[in-house]
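K.L.:
After the structure tokens below, expect a handful of questions from me.
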Amino acid sequence: MEDDSERHPKRSRFTLSDTASTSPLPPSALLLRERADCVVSELLDAALIGEGLLPSLRHAKQCLMKPNFRSVPASGSIFAQVVESVSLWHMHRLRTTVTGSLKCNLCPGAAGLEHINLGPLKRSGLYRPLTDPFEVFHFDFCNLPEATHRSRSFDCRTIESGEAHAIIIWFEVWMDEAKSIKLSTAVGSSPPRDHWRQCVFFLPQILSVSMNSTVSITAVHDDDSVWFGVESTQDASIPRPINKTIEPPICLCGLHVSHSRSHIALLNDEVFTQAWNNGLQATLARLSDNYKPRIKVFDASESFWIPLLLRPFPCDVLVRKDDHARSELCSMILASDVGPDCESTFQFIDQDADTDSGYDVNLIISDCIYESLGNVWVEQHIIYHWYQKAVIGSSCESIPYRADLRACLIEAPDLWRVHTPVQLVEGIDMSALNAYYTRSVSSVRIWDHQFKTVSSPVTLLTYDLSQPVHSVSNIVTMCAEEVSGTVHGLLLWIDVYISPEHIIYTGLLNDDSSTGCASLLTAPYARWYLQGFLPLDSPAVDHSSPSGSGCITSTKRFDVSASFQDGDSETNISCVVS
């Protein structure tokens, strides 16, 4: 390694080793001159233990560390609280109006915890604590338990009457043995955490509790996660088992392993589903005059509910077997819910089936929520759908038939800070990490962040999904419309057109304020979508001022360029400040 100790004077205190504490090699094979006095690790996830913290530190103690070593952090605890929240419950259980399938309604759900920023829900009053916070497990990182499973049972008193839907989870870690330096991820901790949020464990069924009653809780953890069992006990004198073991929940219906919890929450939103129902009805009524006797439909979605929506319409529907759990879920719901009102027929095909051979497709339909793409914002889902249409039948109709790329300037200092290059961190020059950084659009859930819009929304591009895939580009000049506003970046989202009158808004909408700036999410369902954020190189302070006519005169221009090229997987977006 090149000697640059003059540039980095603190580097001389460090010696790099090729040995990792997660190495499967025995101690004799580790190339260490001597065992270490202190282990420093950052293996924390939102539930504290989910990134291999416990087995890694056990291995370090066995193979790398001296007796009486120290650990930074030194210890940590998992805390929890029982809450009532219909909003959270809608991420876990479908409304019966979506599907009456009894198997889905009784399924305990998936074992994985949901990582979520609970701050906005708390500020909006969308969850209510039913117990005080309680410590679940404590870990001394120098003396971890050897057992990979640990359980404990205890009682909590309720502080409110209500319906328990979930248990929220956070952690606290102490950097030193004296517990003088603490890091907390509790809701409302300062500064707000972007990397570590909170977790939610969903109860298998809703539990009704009365104020000042006893709730019996069993908590279990292994080396990866934590889970709970909760019972309501009115009589605290009844003896209960101590440290009993419960199994983690397992999805039995296919819904929780084929659909993200955000996707489930969307399907539970009546505004969202009504827009889809009405838009689908309007589009199919128009197409029925052109395609008789029946419309031939290809379901290109990765969800069970598009076939469910098509049941009342005279359609022949191809359903793709792209995922076993989703296919089984579709088959189960369609088999149980087909009744006299069902006009469609359904045929399941393999994923690689050639639909151009022996099957003439009139319409391709998708909700444009593709779980296989992961956590990316809506624009990439739209482009993926457009390419699918090109493969299945470029001349067929499409639902959605159009998507608009929308944007506005925002002031969001915390969001900008976590999406920009690093320089000095605690006196150490970290700029070498910027070699791996490229300024591009990041996927964010804007509802999780504090922000203020400083311009009106504009349309950057329109993707005409009714046409074959083609290149499209545009340049729009934007100006701040707030007096002395600071612009940190560009907020991006997609308006999805089911029909001309029925639009799914995944971002912001103009309000009625005098400035015309967007200030609110368009509908409650928009919080379950991801938006795009393009940070500026540096914040732009716009010393705007009211003109004689009362309008805002901006001192800066923001030239936003958006270009999608046929063959690309995403739209190239840039912003130049002048």
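The values are calculated or read from the model by the stated rules, or taken from the named source; none is laboratory data. The structure presented is a predicted model; accordingly, all values stated were derived computationally and were not measured. Neighbour counts are summed over all protein chains in view; Cβ atoms, including those assigned to glycine, are modelled from backbone coordinates with ideal geometry. Just so you know, the surface numbers come from the protein's heavy atoms only, side chains and all, with ligands and any DNA or RNA stripped out. Shrake-Rupley method; radii C 1.70, N 1.55, O 1.52, S 1.80 Å.
K.L.:
List the pairs whose first member sits in segment 402-418 and is over 12 Å from Leu508 (Cα atoms), whose second member is open to solvent by less than 60 Å² (accessible area, probe 1.4 Å) and in a helix (DSSP H, G or I), and whose Cβ atoms are under 6 Å apart, counting only residues at least 6 apart or on separate chains?
P.N.:
Every condition considered, the pairs that remain are Ala403/Ile382.
K.L.:
Looking for whichever is at pLDDT 85 or above and open to solvent by 60 Å² or more (accessible area, probe 1.4 Å) here; the options are Ser372, Ser336, Ser357. Which one fits?
P.N.:
Ser372
K.L.:
Would you mind finding the one in Arg445, Arg417 that is modelled with pLDDT of 80 or more, open to solvent by less than 70 Å² (accessible area, probe 1.4 Å), of a type in the set (Lys, Arg) and over 24 Å from Asn474 (Cβ atoms)?
P.N.:
Only one candidate qualifies: Arg445.
Results for (1) at pLDDT 55 or above; (2) closer than 16 Å to Thr453 by Cβ; (3) crowded, with 19+ Cβ neighbours inside 10 Å; (4) basic (Lys, Arg), shown as yes or no for each residue.
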position: Ile494; (1), (2), (3), (4): yes, no, yes, no
position: Leu508; (1), (2), (3), (4): yes, yes, yes, no
position: Ser514; (1), (2), (3), (4): no, yes, no, no
position: Leu521; (1), (2), (3), (4): yes, yes, yes, no
position: Trp528; (1), (2), (3), (4): yes, no, yes, no
position: Ser538; (1), (2), (3), (4): yes, no, no, no
position: His543; (1), (2), (3), (4): yes, no, no, no
position: Gly550; (1), (2), (3), (4): no, no, no, no
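K.L.:
Pairs, please: C-beta under 9 Å, at least 6 apart or cross-chain, first residue under 12 Å from Ile159 (Cβ atoms) and in segment 209-221, second buried (at least 20 other Cβ atoms within 10 Å of the Cβ) and among the acidic types (Asp, Glu)?
P.N.:
Going by the 9 Å Cβ cut-off, the qualifying pairs are Val209/Glu84.
K.L.:
Identify, from the list Val82, Val86, Val72, the residue that is under 14 Å from Ala166 (Cα atoms) and open to solvent by 30 Å² or more (accessible area, probe 1.4 Å).
P.N.:
Answer to the selection: Val86.
K.L.:
Tally the residues that are surrounded by 12 or more Cβ atoms within 10 Å (Cβ to Cβ) and closer than 19 Å to Val560 by Cα, restricting the search to segment 420-442.
P.N.:
The total comes to 5.
K.L.:
Any chance you could count how many residues in segment 163-180 are over 18 Å from Leu43 (Cα atoms) and open to solvent by 20 Å² or more (accessible area, probe 1.4 Å)?
P.N.:
5
K.L.:
Scan Gly125, Gly119, Gly188, Gly112 and give me the residue that is out of contact with any helix residue (DSSP H, G or I) (no Cβ under 7 Å at 6 or more places or on another chain) and at positive phi.
P.N.:
Of the residues listed, the single one that is out of contact with any helix residue (DSSP H, G or I) (no Cβ under 7 Å at 6 or more places or on another chain) and at positive phi is Gly125.
K.L.:
While we're looking at this one, here's another question. Just give me the residues in segment 156-183 being in contact with a Pro (Cβ under 9 Å, 6 or more places away or on another chain) and under 18 Å from Asn117 (Cβ atoms), in sequence order. Working first, answer last.
P.N.:
Keep residues of segment 156-183 that are in contact with a Pro (Cβ under 9 Å, 6 or more places away or on another chain), which gives 159-160, 168, 170, 173-176, 181, 183.
Answer for segment 156-183, where residues must be in contact with a Pro (Cβ under 9 Å, 6 or more places away or on another chain) and under 18 Å from Asn117 (Cβ atoms): Ile168, Trp170, Leu183.
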